[in-house]
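One structure is given here, and the rest of the page talks about it.
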Amino acid sequence: MRIRTQFIVSMVIFSVVLLIVAASVIVTNQQISQLDQKQEISANVEKGADELNILSSQYFLYQQTQLLTFWQSNITSISGNLSNLSPFSSAQQTLVNNARGDLSQLNASFTNLVSFLETAPRNVSVRVVPEFQNDWNLMVTEHQTFGLDASRLSESLRTQADQLRQTNIVLVIALLGIFGAFLLTIYLITYRRTLKSISNLQEGIKIIGSGNLDYSIQTKKEDEISELSQAFNKMTANLKTVTASKTDLEQEIAGRKQAEIALRESEQRWATTLASIGDAVIASDLSGRVMFMNGVAEELTGWTFSEASLKPVKEVFNIVNEQTRVEVEDPVSKVLEKGLIVGLANHTVLIRKDGTEVAIDDSGAPIKDKDGKTTGVVLVFRDITERKMMEAKLEEYSKHLENLVEERTKQLKDSERLAAIGAIAGMVGHDIRNPLQAMISDVYLTKTDLASTPESDEKKSALDSLQEIEKNIDYINKIVADLQDFARPLNPQAEETDLKLIIDELLAKNGLPENVKVSLKVEAEARKVVADSSYINRIMYNLVNNAVQAMPNGGKLTIRAYKEANDFVITVKDTGVGIPEGVKSKLFTPMFTTKAKGQGFGLAVIKRMTEALGGTVTFESQEGKGTTFIVRFPPPQK
């Protein structure tokens, strides 16, 4: 097969394979993107289940009308999320349908209990009423069922997405491997095969040049080099016919004339053959003067034959060492000294007439007459710039492939680790919040029983203890929420959010110690911001909670929201203990904390959620004089 044909066939085959694998990568990426969106919706449903659990408990503790509004808002949000889920499998659709049914039953049970509590007499403990106990236990069971179905749905979507990511990594690695194989194949076709054929041709030229006109250059392949070898074989056959007859003088003269004619024709054919070679060819006499140049040599050196015929080969064939820039030995002298030489210039560069440089590979051989006497030198050289570029690219792609495989492997491990943390966080959240629900219920019922007892020191002490228990329950809920927020994937939903309303509800819902004074100011132009309201609420909750903890002996909490150069800025300032200089660089590191209590996820969650919204969080602090956290959000993209 001809070199050109083999090159084209290889190009077509590898192109088709590359297109197929690349298309598979694109399709897999699209599926992963869809699954990530569904997984985020499922995570919101799971998060909503936990919030309903907390809201129901808080309502039975405080019976605030505002909590009923929050309950209905969460029910509507969760229903919308379940409607937006379009699972890929029937099993996932079944989980969605189960969750939708669980939500409906849970809402109905909550409504019944609300009605019961609104009409129940205040001087009687509802704890001993069988109807209340049955309804309460039913609602707790439905909470658990809904949370479990939501968790199963999230886990199913997460597992399917992880499997697709692993498939995508394999496809990318295969794509790079096929591309590397393609480059290697082209390299073998254009370099190894061509060089070997030319080497055989050069060996044949050496034998023929030594005077052995009976030698025939062997050709095993049907390609361009084979055609050149056949041309040399014809030339030697013609040269063999040029022999002098030893009969009489007239026949000798006639034979010589015929030989001269044949020789000239042979030389012409020889020159024509050399002119048709794809490589550059220069021939010189023993003094080094240029006697012949083919068109490729003229184009490569920048010299025409008429210009080069007046100059020595060393000036036309001007080569220097690429690294040292030292001019190499005269190639004509080197060939005359050593005979046939491959690689005269040693992996060097040719300086063209215009001063530009080109990387070359070359060889040389002596030209001999029929008596074996050397009459000149022929030099053959080729431009290997593309070959060197290909070798460099092949090495670069090889290194890139190794780095990419290493990076993808690390990403896969990180993804698996994060998925494991997320699964554990989900299970821990459910396992902890179920007994917390029972504790909240017991506290509520105990406070209800105490309400009907006479005032006494024992009653006051019991109520104080119950209040401390409620605080510890809220603290445990915060730890679980921080862990889940840090582990779950983030995909915020943009919506118009009222900053002042979020902060007001946050302060009213959580309540602050009496020794902490609050100053809140939200400028009118900064009140409406396009961002995920649940993220904003979580960020502000953690910032306010940290500020209060930093002021154990009381102080002033200042919250400001304003616009600055189109950015929305929220600052939370306290007058507490401040942050030591030695720990400032580690402040946002997960699981790092300076507090006696806490898991070190609060500030890490703030940073992660802020960056998910496209914003930044920084702080300014002086030990003993307080701390200010600055959250900055960019304007919404149009």
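Table for the structure above
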quantity: GLU458 being over 30 Å from ALA550 (Cβ atoms), modelled with pLDDT under 80 and among the acidic types (Asp, Glu); calculated: yes
quantity: Test: residue in region 342-353 that is outside the structural domain of GLY204 (by TED's automatic domain parsing), under 16 Å from ASP285 (Cα atoms) and β-branched (Val, Ile, Thr); calculated: no
quantity: Any chance ALA365 is under 20 Å from VAL316 (Cβ atoms), modelled with pLDDT under 80 and not acidic (Asp, Glu); calculated: no
quantity: Failed criterion for PRO636 (all others in (1) farther than 26 Å from ASN472 by Cβ; (2) part of a loop (DSSP other than H, G, I, E, B); (3) modelled with pLDDT of 90 or more hold); calculated: (3)
quantity: Among residues of region 65-95, those that are in a helix (DSSP H, G or I), in contact (Cβ under 8 Å) with a residue 12 or more places away in the chain and under 32 Å from the mean Cα position of the chain (by Cα), counted; calculated: 5
quantity: Criterion: closer than 20 Å to LEU67 by Cβ and surrounded by fewer than 17 Cβ atoms within 10 Å (Cβ to Cβ) - qualifying residue of LYS521, LYS509, LYS556, LYS528; calculated: LYS509
quantity: Restricting region 368-405 to residues that are under 25 Å from PHE292 (Cβ atoms) and of a type in the set (S, T, N, Q), the residue that is modelled with the lowest pLDDT; calculated: THR385
quantity: Every residue from region 601-618 that is surrounded by 15 or more Cβ atoms within 10 Å (Cβ to Cβ) and assigned to a strand (DSSP E or B); calculated: VAL617
quantity: Residues located in region 211-237, provided they are among the polar types (S, T, N, Q) and either under 30 Å from ILE8 (Cα atoms) or modelled with pLDDT under 70 (or both); calculated: GLN218, THR219, SER226, SER229, GLN230, ASN233
quantity: Residue check, ASP36 among the acidic types (Asp, Glu), touching a Lys or Arg at 6+ places or on another chain (Cβ under 9 Å) and either surrounded by 14 or more Cβ atoms within 10 Å (Cβ to Cβ) or outside the structural domain of GLN166 (by TED's automatic domain parsing) (or both); calculated: no
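Per-residue answers, yes or no, for (1) of a type in the set (S, T, N, Q); (2) closer than 20 Å to LEU436 by Cα; (3) at pLDDT 85 or above:
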{"residue": "GLU46", "(1), (2), (3)": "no, yes, no"}
{"residue": "ALA49", "(1), (2), (3)": "no, yes, no"}
{"residue": "LEU55", "(1), (2), (3)": "no, yes, no"}
{"residue": "GLN63", "(1), (2), (3)": "yes, yes, no"}
{"residue": "ILE75", "(1), (2), (3)": "no, no, yes"}
{"residue": "SER79", "(1), (2), (3)": "yes, no, yes"}
{"residue": "GLN93", "(1), (2), (3)": "yes, no, no"}
{"residue": "SER104", "(1), (2), (3)": "yes, no, yes"}
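So that you can scan it fast, the table gives a plain yes or no per residue for (1) among the aromatic types (Phe, Trp, Tyr); (2) under 23 Å from ALA49 (Cβ atoms); (3) in a helix (DSSP H, G or I); (4) modelled with pLDDT under 80:
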| position | (1), (2), (3), (4) |
| --- | --- |
| LEU117 | no, yes, yes, yes |
| ASN123 | no, no, no, yes |
| GLU131 | no, no, yes, yes |
| HIS143 | no, yes, yes, no |
| LEU153 | no, yes, yes, no |
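The values are calculated or read from the model by the stated rules, or taken from the named source; none is laboratory data. Computed from a prediction, not measured in an experiment: that's the story for all the values here. In this analysis, Cβ positions are derived from the backbone assuming ideal geometry, glycine residues included, and neighbour counts consider all displayed protein chains.
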